[in-house]
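First the structure, in the form of structure tokens, and then the observations on it.
The values are calculated or read from the model by the stated rules, or taken from the named source; none is laboratory data. What you are looking at is a predicted structure, and each value in this text was computed from that prediction instead of being measured. Here Cβ is always computed from backbone atoms with ideal geometry, including for glycine, and neighbour counts include all displayed protein chains.
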Amino acid sequence: MRFPAALLTLGLLLLPATQAQQGPATPPAPAAPATPPPAAEPATADEAAGCAEGQETSCTELTRTGDDGKERRITIVRTGTSDETGIDAVCGPREGEPEGTPTLLVLSESGPRGIEIRIDKNLIRVPLAIVTQKDAGEGKKSDGRIEASAGTARILEEVPAGASERLALCGVEATPKPAPDTVLVTQGRTQLKGQRLVYDEADGVARIEGPITFSRENGADSLSGKSQRIEVNVDAETTTLVGEVALNSAGGRVSRAARVEYDDARNLARLIGTPEQPAESIKGGDTLRAGMILYDLDRNEVYAVKAEGGTITGEFVEEGSSGAASGPAAPTSPTPTPPAGPPQTP
């Protein structure tokens with residue numbers, strides 16, 4: 001079997017200080033199904049540390065340097081090691097291609113943990129990832145692009161006649177098949193599902209296309225919800241649900257906003273409204289509207305935040321009362337944090 005001169009390796013640990021071992025490609029691996037990996041136990045702290053030289057699984061990193069000078073890493077790992085469950089192939093620059101041509105990586109895995117992508121506080125699992133990694137030169141770490149979804153990948157027995165696409169010239173075929181609920185995102189106790197992830201170094205934002213479904217276990221106050229997409233800003237280290245966000249608690253609270261910044265570790269969500277769609281939280285007969293609402297996820301309680309030039313309004317029903325009192329609520333600081341003690345809800 002004859003392959004082109006492009007670099008094609010399987011089972012690669014891609015690190016700046018590690019040399020890839022080259023060898024003949026293996027026979028075609030069975031295509032991974034276009035379904036999300038089954039739920040798996042979260043990785044341990046050691047597994048979350050990033051790529052380590054000599055580890056068994058295929059691992060690569062994109063390194064982004066923000067305007068603050070801080071380096072932030074995105075780690076992509078193929079959790080399986082068998083040709084029976086997927087592939088990890090690297091397509092390097094070919095002879096005659098211009099200097100700075102990026103390296104392409106294709107990783108597929110149908111095993112329980114799939115391909116694991118770690119971005120900020122989020123662990124993302126998908127069956128297929130295509131990574132573009134730029135050459136930073138002199139062994140430096142580099143940023144790049146990730147496209148991930150359900151789909152299949154395989155090693156070709158031979159390069160197709162007349163092929164011009166880079167992966168095909170490297171003897172690799174990747175077939176993305178985006179579908180709802182196939183991109184699985186875990187952040188603490190929160191589980192989110194979407195259908196396609198795209199990260200690009202141009203703005204450092206990973207976007208997960210929806211429809212997005214959302215769930216967070218918290219006993220009697222467990223949450224479910226939806227949004228149009230998720231945005232993970234690598235530089236700002238924020239995760240934001242975007243577009244017609246709705247959160248419903250088992251305790252009866254219904255909250256809506258145009259955007260929701262979400263932080264499971266702090267048990268906090270920031271509901272951010274617009275003039276057309278103010279942030280709103282309703283429980284029983286009580287309704288709170290504001291430019292921003294802080295939502296204590298563990299306590300299922302909310303705090304209004306008065307935006308510059310904005311107002312806070314609400315309708316509150318006292319127990320035993322047949323009517324509702326409405327009007328502007330007392331103004332609060334533009335950037336408060338939840339009080340240390342038990343909060344007082346309307």
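Quick check: anything in the stretch 220-239 more than 22 Å from R64 (Cα to Cα), surrounded by fewer than 21 Cβ atoms within 10 Å (Cβ to Cβ) and either touching a Phe, Trp or Tyr at 6+ places or on another chain (Cβ under 7 Å) or not assigned by TED's automatic domain parsing to the domain that holds L297 (or both)?
Step one: list which residues in the stretch 220-239 are more than 22 Å from R64 (Cα to Cα), which gives 220-229.
Checking the rest, the ones that are also surrounded by fewer than 21 Cβ atoms within 10 Å (Cβ to Cβ) come to 220-222, 224, 226, 228-229.
Adding the requirement that they be either touching a Phe, Trp or Tyr at 6+ places or on another chain (Cβ under 7 Å) or not assigned by TED's automatic domain parsing to the domain that holds L297 (or both) leaves 224, 226.
Within the stretch 220-239 (the criterion being more than 22 Å from R64 (Cα to Cα), surrounded by fewer than 21 Cβ atoms within 10 Å (Cβ to Cβ) and either touching a Phe, Trp or Tyr at 6+ places or on another chain (Cβ under 7 Å) or not assigned by TED's automatic domain parsing to the domain that holds L297 (or both)), the answer is yes, since at least one residue qualifies.
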Checklist entry - If you go through the stretch 83-119 one residue at a time, how many are under 27 Å from T239 (Cβ atoms), buried (at least 22 other Cβ atoms within 10 Å of the Cβ) and touching a helix residue (DSSP H, G or I) at 6+ places or on another chain (Cβ under 7 Å)? => result 1
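Counting residues that are touching a residue at least 12 places away in the same chain (Cβ under 8 Å) and hydrophobic (A, V, I, L, M, F, W, C), which strands (runs of 3 or more DSSP E) fully inside the stretch 53-113 reach at least 3? So that I can check it myself, show each step before the final result.
On the way: elements: 58-65, 71-78, 86-91, 103-109.
Counting at least 3 such residues, we get 71-78, 86-91, 103-109.
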Checklist entry - For residues in the stretch 187-245 being among the hydrophobic types (A, V, I, L, M, F, W, C) and free of Cβ contacts under 8 Å to residues at least 12 places away in the same chain, which is nearest to A269 (Cα to Cα)? => result A236
Next on the checklist: With the requirement that a residue be touching a Gly at 6+ places or on another chain (Cβ under 7 Å), surrounded by fewer than 19 Cβ atoms within 10 Å (Cβ to Cβ) and among the aliphatic types (A, V, I, L, M), what does the stretch 243-298 give you?
Outcome noted: A246, A265
Item to check | Lone unmet requirement of (1) in a loop (DSSP other than H, G, I, E, B); (2) among the acidic types (D, E); (3) at pLDDT 95 or above for E138 | outcome: (3)
Item to check | Given (1) in contact with a helix residue (DSSP H, G or I) (Cβ under 7 Å, 6 or more places away or on another chain); (2) of a type in the set (A, V, I, L, M); (3) free of Cβ contacts under 8 Å to residues at least 12 places away in the same chain, number of the condition A174 does not satisfy | outcome: (3)
Next on the checklist: Filter the stretch 131-177 down to the residues that are within 15 Å of the chain's Cα centre (by Cα) and under 19 Å from P112 (Cα atoms) and list them by number.
Outcome noted: A148, S149, A150
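Any idea which of T274, T287 is part of a strand (DSSP E or B) and either farther than 17 Å from I212 by Cβ or touching a His at 6+ places or on another chain (Cβ under 7 Å) (or both)? I'd like the intermediate steps shown before the answer.
Values: T274 fails: part of a strand (DSSP E or B).
From the options T274, T287, the qualifying one is T287.
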Next on the checklist: Among (1) surrounded by 16 or more Cβ atoms within 10 Å (Cβ to Cβ); (2) basic (K, R); (3) under 19 Å from V234 (Cα atoms), there is one condition R154 misses while meeting the rest; what is its number?
Outcome noted: (3)
